[in-house]
Each structure stands twice: as C-alpha cells, then as structure tokens.
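Enquirer: I'd like to ask you about the structure that follows.
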Amino acid sequence: MGLKAELREKTGSGASTRDRNEGRLPAVIYGHGAEPQNVTLDSLEVGLLIRDQGENAVFDVDVNGKKQQVLLKGIQRSAIKRQLLSVDLQTIIAGEKITVNIPVVLEDGPSRTLGTVEQHLSEVEVKTTPNNIPSEFVLDTSNLEIGDNLTVADLTIPADIEVVTDSTYTVASVAAPQAEEEEETTAGDEVSEPEVIGEADEEE
C-alpha cells in the first residue's frame, strides 16, 4: 500500500490544527542522514493503514513524485478521543534490520482455577527486516500457578528475529486473589439496654 504526501509550507500548532481540520495528518519523514521532511498525509488513509497493518506498518510514501519506503515509527493521539494527531515515518532500505516494539498478548486458557494473571510487560523490542515484522507475540499463561512467572526468554521468537529487551524481564506472573474483608460479628454478645437518666431506683 502506498500513500501520497504533500510538503508542508507552514509548521507549528496553528498550522497543524488547520491541517487536521482539512483532513490532513501532519507527519515527519526522517532517516539515513537526510534532512527531515515535514509533510501531511490523508488522515483517513493513515487510519485505514493502521487498522489493516498495525502500528509497525511498512509502506511506500510518494513525496512530489519521489517514492520511498518508510516504517510507521511513532503515533501521537489525543488523550480522550484517541484521534490521530501526527505520525513519525522512518525511511528504510530493503533488507536492513530495523528496531521495532512488538505487543505481547497473554492467552489464558480454561484450565486456570486459582490466582490472578498480572502483565508486567506489554511489548518487547526486537530487530528484524521490514518484511518480517510480527504483529504480536502470544504467551500462554494457562498452566501457571500462584507464584509462577514468565519472562521474555519464555516467548517464542523466530530464529531470524533478534530480541533487544533483556531476556530476564518478567512479562507475566500469577498472584493470589485478594481476600475480601468481611465484617465479623461475635456470637453471644449481649446488647445492653440504654440507661434512662432520672429513673428512680426501686430499692430503698
């Protein structure tokens, strides 16, 4: 898939807002020692690209008739509506290894009966070629027991992908469920009747 970019004549927050209002997404193309290029892309096309290829998409971008292959390196979104605000594009050369972050997805099967699975690492950094970027790594946690954990070393990584993240980092662990505090009442406690002030004693 290829996208057509337009060079930006003006930059800054005001210009970026105008671009977005016109359906254009601000972007920066950089890499291999070249001067960064400030461009805009069609916002809808970028959104469809991310939906279909993920946040590590590799595609061609055409700037004034010059095509180059780029990696979607960074995405900025609005905090509430998650609207695309801008993207960073890194130029790449076919066959060269690039560094990308790959999401880790935990898969917990029906065999789990005790404990709560906690995820400590949501993605790992790897080096690979542009045509060999995995969409995600899946880690099976269904057989873990309370106190067990899995590290980066437990991920199934293809031989042609180099893991940058420390292999000893914990990805997931199983903790004991937190016990709910219950109010305990003591059986047999006598409830004393309120004393009436001013009541005369019957004994003389």
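Enquirer: Which one is modelled with the lowest pLDDT among residues in segment 115-140 that are out of contact with any Asp or Glu (no Cβ under 9 Å at 6 or more places or on another chain) and surrounded by 18 or more Cβ atoms within 10 Å (Cβ to Cβ)?
Expert: Ile133
Enquirer: Still on this model: Can you name the residue in segment 1-25 that is outside any strand (DSSP E or B) and of a type in the set (Asp, Glu) and is also nearest to Pro36 (Cα to Cα) among such residues? So that I can check it myself, show each step before the final result.
Expert: Just the residues of segment 1-25 that are outside any strand (DSSP E or B), to begin with: 1, 8-23.
With the extra rule that they be of a type in the set (Asp, Glu), the set shrinks to 9, 19, 22.
Working: Glu9: 14, Asp19: 19, Glu22: 23 Å.
Checked segment 1-25; the qualifying residue nearest to Pro36 (Cα to Cα) is Glu9.
Enquirer: If a residue must be out of contact with any helix residue (DSSP H, G or I) (no Cβ under 8 Å at 6 or more places or on another chain) and surrounded by 15 or more Cβ atoms within 10 Å (Cβ to Cβ), how many such residues does segment 28-44 contain?
Expert: The total comes to 9.
Enquirer: Then there is this: Report whether or not Glu184 is in a loop (DSSP other than H, G, I, E, B) and either closer than 30 Å to Asn131 by Cα or modelled with pLDDT under 75 (or both).
Expert: yes
Enquirer: Where residues in segment 96-114 are closer than 30 Å to Ala172 by Cα and either among the charged types (D, E, K, R) or without any contact (Cβ under 8 Å) to a residue 24 or more places away in the chain (or both), which of them is surrounded by the fewest Cβ atoms within 10 Å (Cβ to Cβ)? If you could, list the steps in order and put the result at the bottom.
Expert: Step one: of segment 96-114, the residues closer than 30 Å to Ala172 by Cα are 97-114.
Then drop every residue that is not either among the charged types (D, E, K, R) or without any contact (Cβ under 8 Å) to a residue 24 or more places away in the chain (or both), which leaves 97, 107-108, 112-113.
Details: Lys97: 15, Glu107: 10, Asp108: 15, Arg112: 15, Thr113: 6.
Step by step, filter segment 96-114, then rank; the result is Thr113.
Enquirer: Taking the condition loosely packed, with under 13 Cβ neighbours inside 10 Å and in the same structural domain as Val163 (by TED's automatic domain parsing), does Asn143 pass?
Expert: Criteria met by Asn143.
Enquirer: Can you tell me which residue within segment 53-75, out of those that are in contact (Cβ under 8 Å) with a residue 40 or more places away in the chain, assigned to a loop (DSSP other than H, G, I, E, B) and of a type outside the set (Gly, Ala, Ser), is nearest to Asn131 (Cα to Cα)?
Expert: Top of the filtered list is Asn56.
Enquirer: Assuming Ser13 fulfils every condition listed in (1) touching an Asp or Glu at 6+ places or on another chain (Cβ under 7 Å); (2) of a type in the set (Ser, Thr, Tyr); (3) surrounded by fewer than 18 Cβ atoms within 10 Å (Cβ to Cβ); (4) more than 27 Å from Glu136 (Cα to Cα) apart from one, which condition is it?
Expert: All conditions pass for Ser13, except number (1).
Enquirer: Moving on. Scanning segment 71-90 for residues that are small (Gly, Ala, Ser) and under 15 Å from Leu49 (Cα atoms), which turns out nearest to the chain's Cα centre (by Cα)?
Expert: Gly74
Enquirer: Looking at Ile50, Ile93, can you tell me which residue is in contact (Cβ under 8 Å) with a residue 60 or more places away in the chain and outside any strand (DSSP E or B)?
Expert: Residue meeting the stated conditions: Ile93.
Enquirer: Okay, moving on. Limited to segment 132-163, what total is found for residues that are touching a residue at least 60 places away in the same chain (Cβ under 8 Å) and aliphatic (A, V, I, L, M)?
Expert: Residues in segment 132-163 being touching a residue at least 60 places away in the same chain (Cβ under 8 Å) and aliphatic (A, V, I, L, M): 1 in total.
Enquirer: Taking Pro36 and the conditions (1) without any contact (Cβ under 8 Å) to a residue 60 or more places away in the chain; (2) under 21 Å from Asn101 (Cα atoms), which numbered condition does it fall short on, given that it satisfies the others?
Expert: Evaluating Pro36 over (1) without any contact (Cβ under 8 Å) to a residue 60 or more places away in the chain; (2) under 21 Å from Asn101 (Cα atoms) leaves (2) as the failure.
Enquirer: Can you work out which of the residues in segment 124-167 that are polar (S, T, N, Q) and in contact with a helix residue (DSSP H, G or I) (Cβ under 7 Å, 6 or more places away or on another chain) is farthest from Pro103 (Cα to Cα)?
Expert: The residue in question is Ser167.
The values are calculated or read from the model by the stated rules, or taken from the named source; none is laboratory data. Everything numeric in this text was worked out from a predicted model, so none of it was measured. For neighbour counting, all protein chains shown are included, and Cβ atoms are generated from backbone atoms with ideal geometry for every residue, glycine included.
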